[in-house]
Amino acid sequence: MANEDALARISTRHTPQTQQSRPNEVRNDAGGYVFQVDDMARLRRFLMIGVDGGTYYVKDTQLAADNAEVVIRLAKTNPIALVDEIVAVSTSGAAPKQNPVLFALAIAASEADEAGRAYALSKLSAVARTGTMLFTFAGYVKQFRSWGRGLRRAVGAWYTDKPVADVTYQAVKYRQRDGWTHGDLLRLAHPKTSDPDRAKLFDWILGKTGPDDAASLAETLPLVGVFEKMQALGAAGNVKGIGKLVAANPTVPWEAIPDVGLNSAEVWEALLAGGVPQTALMRQLPRLTRLGLATGRTGKRIVAQLQDEKRIVGGRIHPMQVLVALRTYASGRGARGRGEWTPNQHIVDALDAAFYTAYKAVTPTGQRVLLALDVSGSMSVPIGGMPISAREATAAMALVTANVEDDYTIVGFTDLKQTGTYAQAISELAISPRQRLDDVCSYMARLPFSGTDCALPMLWALDRKMPVDLFVVYTDSETWAGDIKPHQALRDYREKMGIPAKLVVVGTTSTGFTIADPNDAGMLDVCGFDPAVPNVITDFARGEI
């Protein structure tokens with residue numbers, strides 16, 4: 001049009017998300033301009049979420065390389081802070097999988113200066129708490145360094161500093177992983193010990209004992225004696241004998257039981273009576289159900305243990321582990337279609353309750369909350385290599401908040417229905433805290449999606465004159481659609497509604513991007529699935545952080 005004023009189209013208050021509005025904005029992998037998180041924030045995302053499966057826009061190999069670069073940079077510039085964060089995430093139960101923390105520790109033990117490497121290796125036992133974690137660390141560390149004196153000493157200390165009974169348990173429970181065995185590590189570390197019992201254990205691990213030593217071993221190392229008897233009974237197909245042996249030795253780990261025994265209801269009854277570790281119990285629910293143990297006395301025992309707060313918290317059970325168990329068990333079908341079972345409703349309900357328990361006691365904000373869930377195509381990627389998508393996991397987390405808040409609304413970036421100015425890209429979701437988690441996850445997986453415009457929650461609320469004190473957006477920050485940036489939309493909402501609203505951005509991938517303006521004290525970026533997130537959101541909303 002000839003008379004159109006071209007200058008009227010230029011604005012610094014409203015900027016399309018595909019354009020840079022500030023020098024500190026960077027281009028994300030979807031083509032939008034957002035903010036860069038600092039190295040420590042990105043480290044936390046990597047440690048808690050990992051890179052398995054990549055993202056919708058970036059392959060896992062590239063995402064892994066990008067995060068490794070961050071970890072290496074921290075190892076060279078701030079190794080103590082790096083290691084402290086690794087230990088904090090690992091020991092607090094903030095990560096559903098331990099591979100990222102073990103990988104990061106391997107880098108710290110290799111790429112830091114001498115003092116930094118020594119500090120990292122001094123924390124090996126704190127991070128690699130089990131035999132399988134130690135094997136994983138050993139696999140990672142060889143990617144960055146050779147077996148020098150410091151590494152040999154640290155691995156050797158893993159075997160010499162623990163009580164003999166604890167090392168014996170680890171040797172029996174975790175015998176090999178990813179091509180590594182305890183024998184491999186003992187030969188590489190060659191630790192010295194003056195303890196005769198520990199020396200016998202090392203000889204047994206290294207295969208230096210024979211049939212003539214069986215009686216002495218059983219007397220000195222009872223668990224080793226039980227293990228050897230178990231293997232002999234398994235080789236003979238004596239299931240009844242295995243069951244009796246388990247009943248008489250309730251501390252024996254289930255991994256020590258031969259396959260013929262693991263397919264026996266009698267053996268599992270004995271194991272359940274002795275107390276199966278919480279993670280193992282969740283993984284074995286399909287097997288237990290197929291064996292007919294999900295009902296009656298054993299069924300009640302299973303339900304009680306699944307909901308036991310002490311076991312959940314003490315076992316460092318991450319909520320996402322519970323969600324995976326719930327989704328898998330409720331589906332009645334194993335991964336890739338292997339194995340089927342009829343889910344027991346009491347167990348499904350127990351897993352549902354366990355999810356909320358894993359998030360511990362969540363304090364309500366007491367404010368008006370709008371939860372906005374990114375359900376776009378980029379959120380369909382599995383998180384951390386687990387069989388649940390980011391959009392399903394965010395819905396589950398939103399339910400945690402919805403269960404404690406009195407005044408909340410949940411919307412999604414979807415064209416589910418058309419009401420109002422912004423209906424084609426954002427809609428209120430039919431999610432109720434009274435629904436079971438697996439039902440909500442199924443509902444979320446079926447939603448149609450549109451381009452992610454994270455400014456829409458503020459625009460949607462403003463269009464309806466809806467009073468909101470706290471906006472919570474769950475997203476991978478791969479946002480690009482829209483004619484206004486999220487931080488600009490929040491500013492407009494505050495000005496026009498006269499409400500000092502805050503925005504929390506919950507990141508669901510380990511990319512380096514966020515829509516939260518680091519210069520705005522009323523905006524907060526947090527890592528998605530840490531069990532502490534709901535209460536962090538509450539503290540921020542109340543001005544306590």
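The values are calculated or read from the model by the stated rules, or taken from the named source; none is laboratory data. Here the structure is a predicted model, which is why all the values come from computation and not from measurement. Counting neighbours? That spans all protein chains shown, and the Cβs are built from the backbone with ideal geometry, glycine included. Only protein heavy atoms, including side chains, enter the accessible area calculation; ligands, DNA and RNA are left aside. Shrake-Rupley method; radii C 1.70, N 1.55, O 1.52, S 1.80 Å.
A compact table of results
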read-out: Residue ID - modelled with the lowest pLDDT, chosen from residues in region 147-180 that are surrounded by fewer than 22 Cβ atoms within 10 Å (Cβ to Cβ), within 24 Å of Ile257 (Cβ to Cβ) and polar (S, T, N, Q); value: Gln176
read-out: Selection count where residues are open to solvent by 50 Å² or more (accessible area, probe 1.4 Å) and either closer than 17 Å to Val155 by Cα or not in a helix (DSSP H, G or I) (or both), scope region 72-113; value: 3
read-out: Selection within region 185-217 - open to solvent by less than 50 Å² (accessible area, probe 1.4 Å), out of contact with any helix residue (DSSP H, G or I) (no Cβ under 8 Å at 6 or more places or on another chain) and closer than 27 Å to Thr136 by Cα; value: Ala199
read-out: Test: residue in region 138-146 that is among the β-branched types (Val, Ile, Thr), in contact (Cβ under 8 Å) with a residue 24 or more places away in the chain and open to solvent by 20 Å² or more (accessible area, probe 1.4 Å); value: no
read-out: Restricting region 38-59 to residues that are open to solvent by 70 Å² or more (accessible area, probe 1.4 Å) and more than 21 Å from Val127 (Cβ to Cβ), the residue that is modelled with the highest pLDDT; value: Asp38
read-out: Test: Ala350 is in a strand (DSSP E or B) and more than 13 Å from Gln321 (Cα to Cα); value: no
read-out: Scan of region 274-286 for residues that are in contact (Cβ under 8 Å) with a residue 40 or more places away in the chain, of a type outside the set (Ser, Thr, Tyr) and open to solvent by 10 Å² or more (accessible area, probe 1.4 Å), ordered by number; value: Met282, Arg283, Pro286
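Quick grid of which residues meet (1) open to solvent by less than 40 Å² (accessible area, probe 1.4 Å); (2) assigned to a helix (DSSP H, G or I); (3) touching a Pro at 6+ places or on another chain (Cβ under 6 Å):
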site: Gly241; (1), (2), (3): yes, yes, no
site: Val252; (1), (2), (3): yes, no, no
site: Glu269; (1), (2), (3): no, yes, no
site: Leu272; (1), (2), (3): yes, yes, no
site: Lys300; (1), (2), (3): no, yes, no
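Residue-wise test of (1) modelled with pLDDT under 90; (2) within 25 Å of Val472 (Cα to Cα); (3) open to solvent by 30 Å² or more (accessible area, probe 1.4 Å).
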site: Gly315; (1), (2), (3): yes, no, yes
site: Gly332; (1), (2), (3): no, no, no
site: Gly337; (1), (2), (3): yes, no, yes
site: Ile347; (1), (2), (3): no, no, no
site: Ser380; (1), (2), (3): yes, yes, yes
site: Ile388; (1), (2), (3): yes, yes, no
site: Thr394; (1), (2), (3): yes, yes, no
site: Ile410; (1), (2), (3): no, yes, no
site: Thr421; (1), (2), (3): yes, yes, yes
